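What follows is one structure encoded as structure tokens, with my remarks underneath.
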Amino acid sequence: MQAPTNQLVDKAKKFAIPATLIGSFVLGAALFVGHGGVHAAGIDNPSPLDDNSVAALTALDKAMESVTQRVTPAVVNIAVTARVSPDEQQQQGQMQGLPPGFAQFFGFGGGQMQPQPQIEHGVGSGVIISPDGYIVTNNHVVKGATQIKVTLHDRRVLNAKLIGTDKLTDLAIVKIDASNLPTISWGDSSKLEPGQTVLAFGSPFGYFQFSVTRGIVSAVNRQNPYSDDLRKPGGYIQTDAAINPGNSGGPLVNAHGQLIGINTFIISDNGSFAGAGFAIPSQTVHAVADQLIKTGKVEHGYLGISIGDITPDNAHFFKLDKASGALISQVTPDSPASRAGLKTGDVIVSINGQPVDTGSALQLRVSELTPGTAISLGIVRDGKTLTINATVGQYHGKSGEAAGEEDNGQSPAQGVKLGVGVTDLTDDIRQQLNVPDQVHGVVIQSVRPGSPADEVLQRGDIVLEINRIPVTSADQFIKEVHNQPADKDVLLLVWEKGNTSYRTLRPDTGNNTNSNNDDNN
């Protein structure tokens, strides 16, 4: 379960053990030991380890203390009073397909949302990035704010003004009226490697202000598994440094005390730290913050493609020697990509001469470009290397129709090797599923549990291609599937809820392996 980390969780108080209780227990234990004739004075205590034996540990402690002392003065606590509209409350309370308890973390107060407008109170964190009072935090921390108060490390509480927000990256800038403030320096998140030491700062649970936790970079370039818009840039830093509700907007820093990320969400079954915290990389934060400070808004670059990763399972379908590149699974009509001549099935391997290893890497780089920028894309199309010139457009928000999963009442034709039932995409089904007229394929009507298609396909998906061959009828789909050798993977191009993706399946051979290459837009 993903959770923004600005939620104030009062339940944490239940786990606090009163000091008097602890004191009584210790006293009782001491009396019991004394009564038994065991005397503390008669026990030989081991001598402490000498400085040389623990030199490495004490050096690490001192280094972490130095980083903490350097960063903490620039960390702030943010308290927000916000008005939540009825529509937002209804949306928060009716999230579909999320783990139990997940929806509560999208509201400031948690619990059940009421249909009438409400004033809610929330807490989060932030970090000062300029001496004159500009502070970066998360958009979800200050969303709908009617009042923002910032508590500085010296305990001053100041009113803050909202300068600008960017919903796409979940970042925001607020400003306080002050000068000569302590700041943090920028680090380069593109140089992060798994295993590096990082520190996370913030106000866990809202009332443990100016806390710090230590961990490592668990992974880089992570996608948001619960993104409500697949066009949102990924590239998140994953860390095991403890991040809890209230840490949203706080800094993630490297061993030099440089800002390399902004804490933004966690994945947990109970809404609290479970070893998987995520931060927006400084590469994104710096670019967005600069634009928000200058203009109060952000213009994101846009090509108009849905993209995924090239994997060892699908590389040979695109005549690639290695599993590297961004795979185009959809090109939006009348977009910068379509005007440049990009096609479904193209693999982008470079941008402006710089290699592209993954779909998320391409997402980040395009998103940071100014609309109108001319770029050169190196692509592989059917095994041939081409160069395509394009002009970056401007991102204007989410697009695409949402598709439901209506039962059309027809008997599916069985593709027994994959474990799916398919049927033709009729006009009635197209209307029921809100499938655009330009989408042509066959409808997945059933998926057999435990089959190769299980967890890769679902009822209501539209299969557009099989092994790069367009399919327009259930009979054609079944014929193509049955013509596949039993030991060969099958590559499907699937339309789902306004986006398309390539998905690789291995037909039943007694030992199935499945992979799902999701859209990264």
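A short reminder: the numbers here are calculations on the coordinates, not readings from a lab. Because the structure is a prediction, the values reported are computed rather than measured. Glycine also receives a Cβ, built like all others from the backbone with ideal geometry; neighbour counts cover every protein chain displayed.
Amide H contacts of V220 (H built 1.01 Å from N, in plane; Pro and chain starts excluded): Q238 sit under 5 Å, all sequence-distant by 5 or more or on other chains. Proximity of backbone amide H atoms, modeled 1.01 Å from N, is registered between D309 and L327, G359 at under 5 Å, excluding neighbours fewer than 5 places apart on the same chain. Rg then Dmax, both in Å and based on the Cα atoms of the range 301-394: 12.0, 36.
For the residue pairs K149/K294; K167/K497; K62/K149; K384/K488; K143/K297, the alpha carbons lie more than 25 Å apart in K62/K149. 3J(HN,Hα) couplings calculated from phi for the range 273-289 with the Karplus curve 6.51 cos²θ - 1.76 cosθ + 1.60 (θ = phi - 60°) are, in sequence order, 3, 9, x, 10, x, 9, 10, 6, x, 4, 4, 7, 4, 4, 5, 5, 4 Hz; Gly and Pro show x.
In the range 240-306, the inverse of the mean reciprocal separation of distinct Cα atoms equals 13.7 Å; this is its Kirkwood hydrodynamic radius.
Whole-Hz Karplus values for the range 202-214 come out as x, 10, x, 6, x, 10, 9, 5, 6, 8, 9, 10, 10 Hz, taken residue by residue from phi with 6.51 cos²θ - 1.76 cosθ + 1.60 and θ = phi - 60°; glycine and proline positions read x. Less than 5 angstrom separates the built amide H of S350 from those of V356, G378, all sequence-distant by 5 or more or on a different chain. Full extension of the chain between K191 and A274 yields a length gain of 27.3 nm, computed as 0.36 nm times the residue separation minus the alpha carbon distance.
Computed from the alpha carbon atoms alone, the convex hull of the range 413-516 holds 85 Å³ per residue.
Ordering V366, V380 from the fewest to the most neighbouring beta carbons within 10 Å gives V380, V366.
Protection proxy ranking, highest mean first, for peptides 159-168, 248-257, 280-289: 248-257, 280-289, 159-168, where packing is the per-residue count of other beta-carbon atoms within 10 Å, averaged.
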